[in-house]
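Let me begin by presenting the structure, written as structure tokens, before commenting on it.
The values are calculated or read from the model by the stated rules, or taken from the named source; none is laboratory data. The structure presented is a predicted model; accordingly, all values stated were derived computationally and were not measured. Accessible surface areas use protein heavy atoms only, side chains included; no ligands, DNA or RNA. Shrake-Rupley method; radii C 1.70, N 1.55, O 1.52, S 1.80 Å.
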Amino acid sequence: MLNEILARRVLIVLGKGGVGKTTVSAALAKLAAMSGARALIMECDARAPLAATFGVAPSFVPTEVAPNLALMTLDGRAALEEYLRLVVPGRLLLKAVFASRLYQFFVQAAPGLRELMMLGKVYYEAARTDAKLPGRRIIIVDAPASGQAMSLLKMPTAARSTFGDSVVGKEAGNISRMMRERRSSAIIQVTTADSLSISETIETHASLSRIHLAPAAVLFNRTPRSGFDADDISALTNRRGPHLRKKDLEHLADLARSDLNRVSDARKAIAKIRAETAGPVLEIAEHGGLSGIELIDRIAAELALARDRENEPAARAMHRR
């Protein structure tokens, strides 16, 4: 699954706020960079949390933050103005457009067009080639939270119907085709075990399927693990010794049972997602105490191990030949 996902040119990562979508987006980009691709993360949050994490200023121009890894902040207004520079002839006319009160009103009154231009920037970056930087390129879009992301993803189809064969309508058609081309683009959902995240993931998956944008996979983040079972807890509570107080053992047993319940709830949530979406689910372990680049690197390393396990059957088959 990971090999297939990383073979795409554009990955759009969705998820409810708080599920670790931004960190997972960065980890996917880091994994792609580790695999030899030139990865570009495009974050849609105007607060630019990834720029802060990597210690760079937010920029509408790709900024290198690690080997083979660049970052940029998608901005609807900047994308619209960049697009106008391509279609409006002459600097003086363009300067007059930007300075006009009508344009300022238009920008404030047409957020849908800004969203379209954001996806247009993704399309432009995906199509762009650089002779100085050969090799495979992959773009990971850290999309807004699921509700806003759905509006973003529906915009090209709506704009194509509204603007028809105009310049904007044709641009919307190009963007729509890019997102629906399964060989080059994929949508990835990120979720955790909490019930609201699970419900939103399933609802968003169904909504995307209805508009022919079914996600390629769900990444189940912060999957809890446990190194013990119910028998271990029973053995703990039955321990005897001069320095062991029953009250303390019962307290430890309660903590252990709570941990086992979290693991059980996560297994049920994963099974529910698999049943409701009929798609692949990849588990990402919980890494308590880690944050920022350290957490991104840990998840990227975990994903690399999962990818290597995927490659083992093919490698064994080649060896037998």
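List of remarks:
- Residues with amide H under 5 Å from that of residue 45, placed H, sequence gap 5 or more: none
- Exceeding the 25 Å Cα-Cα cut-off - candidates 95/154; 21/121; 16/268; 21/268; 16/170; 30/121: 95/154; 16/170
- Probing with 1.4 Å while keeping every protein chain in the model, the per residue accessible area of segment 134-208 equals 43 Å².
- Less than 5 angstrom separates the built amide H of residue 143 from those of 13, all sequence-distant by 5 or more or on a different chain.
- The HN-Hα couplings worked out from phi for segment 52-57 by the Karplus form 6.51 cos²θ - 1.76 cosθ + 1.60 (θ = phi - 60°) are 5, 4, 8, x, 10, 6 Hz, whole numbers, x standing for Gly and Pro.
- Probe 1.4 Å, protein heavy atoms only - accessible area per residue of segment 12-52 in square angstrom: 28
- What a 1.4 Å probe finds exposed on segment 119-187 is 56% carbon and sulfur by accessible area, rounded to a whole percent.
- Apolar share of the accessible surface for segment 1-47: 47 percent from carbon plus sulfur atoms, 1.4 Å probe.
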